[in-house]
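What follows is a single structure, written as structure tokens, with notes after it.
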Amino acid sequence: MEIEYIKNIKSQLQNEIFYFEQIINNFTYHILSTNKIINEHYKNFDVNMFKLIIQKNKDTIEKLNNELKKLCKHNIIFDQIDLDYGEKQQEICYCEYCELNF
Ligand SMILES: [Zn+2]
């Protein structure tokens, strides 16, 4: 089913974003290191390349979401989620097939 396929790709792109954000965080954390070996490791590190990939992934996810909106014969589920350790609740609605929020 094409919807499942798109959902899979979306989740892969999302995982990549998470992974590249960690790489950027590691870089930022080590950039002031006084250790020669670590300095050498991060020399010529192209942080902008990772930022570009993250942005590209986000753009593609947005396009795929628009595709899902058109493709899916939505079945909207209303649910409540707990906030603040169960003291507050928020109503959410999402599609049971494409999992988009509405
Ligand atoms: Zn749907």
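Nothing in this text is a laboratory measurement; each read-out follows from the coordinates by a stated rule. Every value quoted in this text rests on a predicted model; they were computed, and no experiment measured them. Here the Cβ is made from the backbone with ideal geometry for all residues, glycine too, and neighbour counts use every protein chain on show.
Of all the options E40, E16, E67, the one that moves most in a Gaussian network model of the chain with Cα springs shorter than 10 angstrom is E40. Measuring nothing but how far apart in sequence close Cα pairs (under 8 Å, 6+ apart) lie, relative to its length, the chain scores a relative contact order of 25 percent. Full extension of the chain between E91 and T60 yields a length gain of 8.4 nm, computed as 0.36 nm times the residue separation minus the alpha carbon distance. Note on the chain: lysine pairs with Cα distance below 21 Å, sequence gap of 8 or more or different chains, count 19. Less than 5 angstrom separates the built amide H of I77 from those of Y94, C95, E96, all sequence-distant by 5 or more or on a different chain. Helices in the chain, meaning DSSP H runs of at least 4 residues, each add -39500 (n - 2.57). Divided by all residues, the mean residue ellipticity at 222 nm is -20500 deg cm²/dmol.
One compactness figure for the chain is 1.52, namely its Cα radius of gyration divided by 2.2 N^0.38 Å. Remark: the L71-T28 segment gains 11.4 nm on full extension, using 0.36 nm per residue and subtracting the alpha carbon distance.
Per-residue 3J(HN,Hα) values for region 64-80, derived from phi via the Karplus relation 6.51 cos²θ - 1.76 cosθ + 1.60 with θ = phi - 60°, read 5, 4, 5, 4, 4, 4, 7, 6, 7, 8, 4, 10, 7, 10, 9, 8, 10 Hz in sequence order (x marks Gly and Pro). For region 30-37, the Karplus equation 6.51 cos²θ - 1.76 cosθ + 1.60, evaluated at θ = phi - 60°, returns couplings of 9, 4, 9, 5, 9, 7, 4, 5 Hz by residue, with Gly and Pro reported as x. For region 24-66, the set of trypsin sites (Lys or Arg not before Pro) satisfying both a DSSP loop assignment and a count of at most 14 other C-beta atoms within 10 Å is given as K43. When you filter the trypsin sites (Lys or Arg not before Pro) in region 70-102 for DSSP loop state and at most 11 other Cβ atoms inside 10 Å of their Cβ, you are left with K73.
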